[in-house]
Amino acid sequence: MTEEKKKVSIALDCMGGDYAPTEIVKGAITAARTWNIKIFLVGKKSPIEEELQKYDISALDLEVVQADSIIEMGESPAKAVLKKKDSSIVVAVGLVEEGKAQAFVSAGNTGACMAASLIRLGRLTGIERPAIAALLPTLNRKPAILIDAGANAECDTKMLIQFAQMGSIFSSKVVGVENPRVGILNIGGEASKGNTLMLGAYKALKDNPGGINFVGNVEGREVFLGEVDVLVCDGFSGNVTLKVAEGVAKMLMQILRSELSHDFRNQLGAFLAKPAFKRVKKRLDYEEYGGSLLLGVNGITVIAHGGSNDSAIKNAIRVGMESVEKDVTSKIIGMCEMSAV
């Protein structure tokens, strides 16, 4: 097998996100240079090529693919995907469907990324609903997986069980956690706590874990302590948790900056502790985690933060690349087949 056949290929939506296409293209260039991968830059050719002219890309495997329209953040996802078949999101997902690319990455409209992936790639047989797997910082060196982070506001017990299975595979194969500990996000640690949905999921995972290392309920205050590696919940609770976490992290960093610049002694202390603060920022910043994987569709879809800069895009591409290399989709298909036996 030649090196070209081994090379991972990524379809990148260059028109999605607050800083498109400037930061998107910059992140793609860094990723292509770092990992020697092929990246399809999908969007309006003129602004993409204008950004490319700023860099020496002679040794990089980059290809611009024209997409005439853009799905804006405020548009209805399903309607926009069906109407704007020439949009950067739909065209990029189409490259994965056609086998030209192995993963799709976008910082654009989350709903549209999900809808396009479902319509063009399809749902995996045996999976009731795809779910978003987001990475959360913890006291451990490895992040925890929060699933579902916003794809399904309403869930049933079967969906939560599948989220636990898919999240465990992602944690094991991509994050590198051996025998991931799986917990349910709940209002208390006792088995009797929670609503009907959580009680049913707890009983199902406890009685018949199906290879899942189930450790019980997890309260909100325990989420970031590293008590579990996979945190299962409905998409409504998951998205709220994710946004709260992001807000708290930003608040803490701003408070630190304010207090450390208050007087000369604080400024001196801040200067001496600068390397430590950089490490803290790195552990808390969503840029380091890149993007969230949409699990349960027949292909690799990575949804990046709308405010992604070049570093976040680079890391979102890394998530897509590692998911391809670890063959996450096939692992989930295998899980579905085992569950059906």
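Things to note:
- The residues in the stretch 205-256 that are aromatic (Phe, Trp, Tyr), part of a helix (DSSP H, G or I) and over 12 Å from Pro137 (Cα atoms) can be counted, and the count is 1.
- Failed criterion for Val248 (all others in (1) open to solvent by 50 Å² or more (accessible area, probe 1.4 Å); (2) over 28 Å from Gly307 (Cα atoms) hold): (2)
- Pairing residues of the stretch 68-91 that are polar (S, T, N, Q) with residues that are assigned to a loop (DSSP other than H, G, I, E, B) and surrounded by fewer than 17 Cβ atoms within 10 Å (Cβ to Cβ), at Cβ distances under 7 Å and at least 6 apart in sequence or on separate chains, gives Ser69/Asp86.
- Any hit, the stretch 138-145, residues being touching an Asp or Glu at 6+ places or on another chain (Cβ under 8 Å) and over 19 Å from Asn213 (Cβ atoms): no
- Selected residue [open to solvent by less than 20 Å² (accessible area, probe 1.4 Å), in a loop (DSSP other than H, G, I, E, B), out of contact with any Lys or Arg (no Cβ under 6 Å at 6 or more places or on another chain) and modelled with pLDDT under 95] from Ile145, Ile127: Ile127
- If the condition is being within 12 Å of the chain's Cα centre (by Cα) and either without any contact (Cβ under 8 Å) to a residue 24 or more places away in the chain or under 12 Å from Asp229 (Cα atoms) (or both), then the stretch 145-170 contributes Ile145, Leu146, Ile147, Gly167, Phe170.
- Hey, Thr110 among the β-branched types (Val, Ile, Thr), out of contact with any Cys (no Cβ under 6 Å at 6 or more places or on another chain), over 17 Å from Gly299 (Cβ atoms) and open to solvent by 30 Å² or more (accessible area, probe 1.4 Å) or not: no
- With respect to the conditions (1) in a loop (DSSP other than H, G, I, E, B); (2) touching a Gly at 6+ places or on another chain (Cβ under 9 Å), Asn179 falls short on a single one, namely (2).
The values are calculated or read from the model by the stated rules, or taken from the named source; none is laboratory data. Quick caveat, the model's predicted, so the values are computed rather than measured. Glycine also receives a Cβ, built like all others from the backbone with ideal geometry; neighbour counts cover every protein chain displayed. Remember, those area values only see protein heavy atoms, side chains included, never the ligands or the DNA or RNA. Shrake-Rupley method; radii C 1.70, N 1.55, O 1.52, S 1.80 Å.
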